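The values are calculated or read from the model by the stated rules, or taken from the named source; none is laboratory data. What you are looking at is a predicted structure, and each value in this text was computed from that prediction instead of being measured. Counting neighbours? That spans all protein chains shown, and the Cβs are built from the backbone with ideal geometry, glycine included.
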Amino acid sequence: PEYKTKYHHEKDETVELVKCQYFTTNILDATGNTAKDYSGLDSFVIHVCVEGAYTINYNGEIYPVKMGECMLLPKTVDHVKLETIFLIVLVLVSISIFFSQYFPRFIFSVYFINFLKHKFR
C-alpha cells in the first residue's frame, strides 16, 4: 500500500490533500506573509506546523507557532494573518461542525508529534 499522500506542490498556495465528509486536510508551503479567510467554513481549523515558524495575528493578538506545534482555531475565528518567521509548511485541517461542538471556543497551543513532516514531504 501507498503510505504517502500524493499532491501537486504549490509555493504559497493552499493545496488539498484529503477530503471526506468529516474533515478536509490541506497543506500550505509558505515563504511570505499571507491572510487566511475561514469565514466560509462551518468548522474549526487546526494548523499543524511541520516545518519552520510563524505567527498567527488575530484581532491584534500575536500567537507564535514553531515546528512541532499546532493551533486550534475555533469556528468564531474567521480571518487571520500568518506572518512567516522561517519558511513554513502547514497542514491545515478543518473538521465538520458535528465534531467541532466537542471542542472549546478558544485558541490554544498543543505539542504535536513530528511524524507529519515525513508523511507529507
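Only residues that are assigned to a strand (DSSP E or B) and either in contact with a Lys or Arg (Cβ under 9 Å, 6 or more places away or on another chain) or crowded, with 19+ Cβ neighbours inside 10 Å (or both): list them for the range 61-70, please. If the condition is that a residue be assigned to a strand (DSSP E or B) and either in contact with a Lys or Arg (Cβ under 9 Å, 6 or more places away or on another chain) or crowded, with 19+ Cβ neighbours inside 10 Å (or both), then 65, 70 are the ones that fit. Please verify whether the range 12-29 includes one or more residues that are touching a helix residue (DSSP H, G or I) at 6+ places or on another chain (Cβ under 8 Å) and of a type in the set (D, E, K, R). No, the range 12-29 has no match at all. Scanning the range 71-106 for residues that are at pLDDT below 65, assigned to a loop (DSSP other than H, G, I, E, B) and within 23 Å of residue 17 (Cβ to Cβ) yields a total of 2. In this structure, residue 22 does not qualify as among the aromatic types (Phe, Trp, Tyr), crowded, with 17+ Cβ neighbours inside 10 Å and in contact with a Ser or Thr (Cβ under 7 Å, 6 or more places away or on another chain). Criterion applied to 55, 14, 34 was being touching an Asp or Glu at 6+ places or on another chain (Cβ under 6 Å) and within 21 Å of residue 86 (Cβ to Cβ), and the one residue passing it is 55.
Listed here are the residues, each with its yes/no results for (1) of a type in the set (S, T, N, Q); (2) under 13 Å from the mean Cα position of the chain (by Cα); (3) farther than 21 Å from residue 67 by Cα.
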{"position": "16", "(1), (2), (3)": "no, yes, no"}
{"position": "21", "(1), (2), (3)": "yes, no, yes"}
{"position": "27", "(1), (2), (3)": "no, yes, no"}
{"position": "34", "(1), (2), (3)": "yes, yes, no"}
{"position": "37", "(1), (2), (3)": "no, yes, yes"}
{"position": "47", "(1), (2), (3)": "no, yes, no"}
